[in-house]
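Quick notes on the structure that follows.
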There are 2 protein chains.
Amino acid sequence: MLKPEILDPQGQAVQRALPRLGFEGIADVRQGKRFELEVEGPVDDAALARIHELAETFLANTVIEDFAVKVEEPAAAAEPVK
Amino acid sequence: MLKPEILDPQGQAVQRALPRLGFEGIADVRQGKRFELEVEGPVDDAALARIHELAETFLANTVIEDFAVKVEEPAAAAEPVK
């Protein structure tokens with residue numbers, strides 16, 4: 001996700017459109033990206049550390065974006081969300 | 001997120017690039033969108049139902065995308081993830 005201090009015109013456009021479309025009560029909308037990674041082998045601390053590095057280095061632009069890595073069990077998939 | 005049966009060239013490009021960049025062991029990458037909505041007032045069942053409808057109607061293209069609505073506590077923000 002874009003850092004809070006970075007302007008998000010896409011999210012703002014969505015937020016401004018919602019009342020026109022009949023949806024009130026949404027104070028703010030921010031849009032970001034999401035990556036689902038399917039990991040070969042166990043998702044242990046070492047794998048998570050590598051995925052965190054991968055997300056930080058290649059998937060997120062850390063100058064303007066924050067990111068988080070979360071593990072979802074169903075397919076043993078870890079997914080960095082930025 | 002794109003439905004599993006829908007081709008995701010962006011995710012595939014990331015997945016093919018990773019070994020070149022020194023990251024092995026990622027079987028699949030899929031890329032999608034993420035919206036963070038800040039809700040005015042309580043995030044009760046009625047609000048969640050409206051946000052689910054909003055996500056289904058305007059944020060997701062349900063022909064090719066799946067989506068999920070999750071509540072994150074810190075800012076009482078509900079975030080549909082597609």
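Computed from the coordinates by the stated procedures, all read-outs in this text should not be read as laboratory data. Just so it is clear, the structure is predicted and the values come from calculations on it, not from any experiment. Using ideal geometry, Cβ is built from the backbone for each residue, glycine included, and neighbour counts are taken over all protein chains shown.
Compute the helix-to-body angle for A:45-54: its Cα long axis versus the longest principal axis of chain A, expressed 0 to 90° and rounded to tens.
50
Regarding chain B, what's the average projected area of the Cα-atom convex hull, expressed in nm²? Don't jump to the answer; show the numbers that get you there.
Values: hull surface 27.2 nm².
With the hull built on Cα positions only, its mean projection is 6.8 nm².
Out of region A:1-64, which GluC sites (Glu not before Pro) are coil in DSSP terms and have no more than 10 other C-beta atoms within 10 Å?
Details: sites: A:5, A:24, A:36, A:38, A:40, A:53, A:56; in loops: A:5, A:24, A:40.
Within region A:1-64, the qualifying GluC sites (Glu not before Pro) (loop, at most 10 other Cβ atoms within 10 Å) are A:5, A:24.
Given Cβ point charges of +1 (Lys, Arg) and -1 (Asp, Glu) and nothing else, what value in debye, to the nearest 20, does the dipole of the protein assembly as shown about its Cα centre take? The partial results should precede the final answer.
Details: 18 positive and 32 negative charges, 140 e Å.
That gives the protein assembly as shown a dipole magnitude of about 680 debye.
Just going by the charge dipole of chain A, with Lys and Arg at +1 and Asp and Glu at -1 on Cβ, which of A:39, A:23, A:59 is farthest out on the positive end?
Towards the positive end, the residue furthest out is A:23.
Using the alpha-carbon atoms, what tilt in degrees (0 to 90, nearest 10) does helix B:9-20 show relative to the longest principal axis of chain B?
50
Report the closest approach of any chain B C-beta to the axis of the B-to-A rotation: residue and distance, in whole angstrom.
B:34, 2
Out of residues 5 or more away from residue B:71 or on other chains, whose amide H comes under 5 Å of its own, with H placed 1.01 Å from N in the peptide plane?
B:79
Can you list residues whose amide H is under 5 Å from residue A:60's amide H, if they're 5+ apart or on another chain and H is modeled 1.01 Å from N?
For residue A:60, whose amide H was placed from the backbone, there are no distant partners under 5 Å.
Given that compact globular proteins tend to follow 2.2 N^0.38 Å, what is the ratio of the alpha-carbon Rg of the protein assembly as shown to that value?
Details: Rg = 16.5 Å, N = 164, 2.2 N^0.38 = 15.3 Å.
Its radius of gyration relative to the 2.2 N^0.38 Å reference: 1.08.
How much net charge surrounds residue A:13 when only other residues with a Cβ under 15 Å from its Cβ are counted (Lys, Arg +1; Asp, Glu -1)?
On the way: positive: A:16, A:20, A:30, B:33; negative: A:8, A:28, B:36.
It works out to a net charge of +1.
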